[in-house]
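Right, one structure below, let's go through it.
The values are calculated or read from the model by the stated rules, or taken from the named source; none is laboratory data. All figures in this text were calculated on a predicted structure; none of them were measured in a lab. Cβ sites come from the backbone with ideal geometry, for glycine too, and all protein chains shown count toward neighbours.
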Amino acid sequence: MSNRNLRVAILAHSFSSAYRIFREIKNGDNVDLSIILSPSPHRSAVPGFSLNLFRVFVGSVLTLNLEGLRMLASGKLILLSKQFDHDTSIARLKELRFDIGLHKAGIIYRARTIAAFRLGILNPHIGLLPEYRGRSVMEWSLLKGDPVGITVFFIDEGIDTGERIVVSEPVDVSSYGSVAEAKGYLFNLDAVFFRKALEAINSGSPFLLNNGMGRRYYVMSNLFTGVVEELLRKKAG
Amino acid sequence: MGTRHEVIANALQVRHTEVCARFTNYRLELVNNESSSSQFPETINQTSTPHWNKPEVWLESEIDCLAALAMLARGDRLLETTSNNPDSNQFLLELQKTARDPEERFRLLSTRYRHPLNIGLSSEEAICEHLLERLMVADRACAQQHSIEALYEPDLLLKLNLLAIKSASCNDLRYLDSLNYFYELIPMGWRPKSETAWLLITYLVFYARALEVCSCQIETCA
């Protein structure tokens, strides 16, 4: 890998969720980190933009943490007025010339948005790829007696089909007595796993191949979710 | 049997009892107007759900798909001959074109699966995967955002019947769980209005069968 810093952007709809990741990664070597906020698809663009600006100001004042304002002033916090897949947003992303995007927005990206990042957009998936693609994969892993884990990979337009896996590690959730607690734990590891992935990329570690041989899983029924709840309760003792 | 298998088997047993009870309720309400359906048993339980062997080769039946489903649900044996598999790749392409045309999808599926047990053949794997995705993504989203009535009933019920047969002939729990999911999603008070309303009853019969098969084979399923 070259000595040039990786230009990395956290892609999110709210400053607070992006800032949690920012704090974990900001002191990493060879990473030039920014946050890009776009309006949520569930809100109209202009109120979404205004709301984000308002949140940064109010959040900074209330928590006496002026980092958001500093980032805004230094150009490290970028507020888009349209959603990530909008033409004007894509044009702006291309101008900014980021190497990697970190997915923290609740959307599925189009190919043109993904291509606006030199290496692509990383996603922390709470299942071990290639086997566990799709939804409720933590629950499915537990139901089938397989290890639970997190995979950070470069997304494509498919459902967890991106070919380049950067990090894939089992994670022990046996001390959590419910699906919600175990999932919450895994989701909160996103910042740690993004950091691990960026370290792996910076160190030149080869990517693993997501060979597409896994199955796509779907939202689990209440019946099987109840089974998983019981299994977790028994394990947590 | 290990703890995990025991927990799963117990849950399947509880659900099986519920499905049998719901079958009895629906049968009373739905079959009275259907001459063919009056031949369904009054109740189902673990000893009375129909058994069949997974076919090894493509089967042809002389009756149509819906009549065949009714016969299978009653535990009758279909008169059948063997034949060569029709092209599954071409059929999948045709099926994929029907995303916005459930009536055409119903026609395609009921034509191909005149002998419904063919859905369990390994040649139909990609088609089953497609049907599972349709059911658990598009149909589920439509039913949850609007209501179950927003879906084209015959297409939904035929898919549930076919996937229940598929589920009973494989050890892939995703198929069984799609049946679990729709069993929970379909409101207790929902009564299909179409002429094929009785497919709700045959679906429950095949679902009960799938639960039994999975219970027996739990150590290979999970």
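In table form, for the structure just shown:
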item	result
Sole exception among (1) within 25 Å of residue B:87 (Cβ to Cβ); (2) within 14 Å of chain A (Cβ to nearest Cβ); (3) surrounded by fewer than 24 Cβ atoms within 10 Å (Cβ to Cβ); (4) of a type outside the set (D, E, K, R) for residue B:141, by number	(1)
Any hit, the range A:121-134, residues being in the same structural domain as residue A:32 (by TED's automatic domain parsing) and hydroxyl-bearing (Ser, Thr, Tyr)	no
Condition check for residue A:194: assigned to a helix (DSSP H, G or I), surrounded by 13 or more Cβ atoms within 10 Å (Cβ to Cβ) and within 14 Å of chain B (Cβ to nearest Cβ)	no
Only one of A:121, A:150, A:155 that is of a type outside the set (S, T, N, Q), touching a residue at least 12 places away in the same chain (Cβ under 8 Å), within 30 Å of residue A:235 (Cα to Cα) and surrounded by 16 or more Cβ atoms within 10 Å (Cβ to Cβ)	A:150
Residue list for the range B:1-19, restricted to those being within 9 Å of another protein chain (Cβ to nearest Cβ) and loosely packed, with under 14 Cβ neighbours inside 10 Å	B:2, B:3, B:10, B:14
Neighbours by Cβ (under 8 Å, 6+ apart or cross-chain): first from the range B:200-220, at positive phi; second part of a helix (DSSP H, G or I) and among the hydroxyl-bearing types (Ser, Thr, Tyr)	none
Qualifying residue in the range A:226-237 (condition: touching a strand residue (DSSP E or B) at 6+ places or on another chain (Cβ under 9 Å), surrounded by 16 or more Cβ atoms within 10 Å (Cβ to Cβ) and over 17 Å from residue A:100 (Cβ atoms))	no
Selection within the range B:160-185 - away from chain A (no Cβ under 14 Å), part of a helix (DSSP H, G or I) and not hydrophobic (A, V, I, L, M, F, W, C)	B:161, B:166
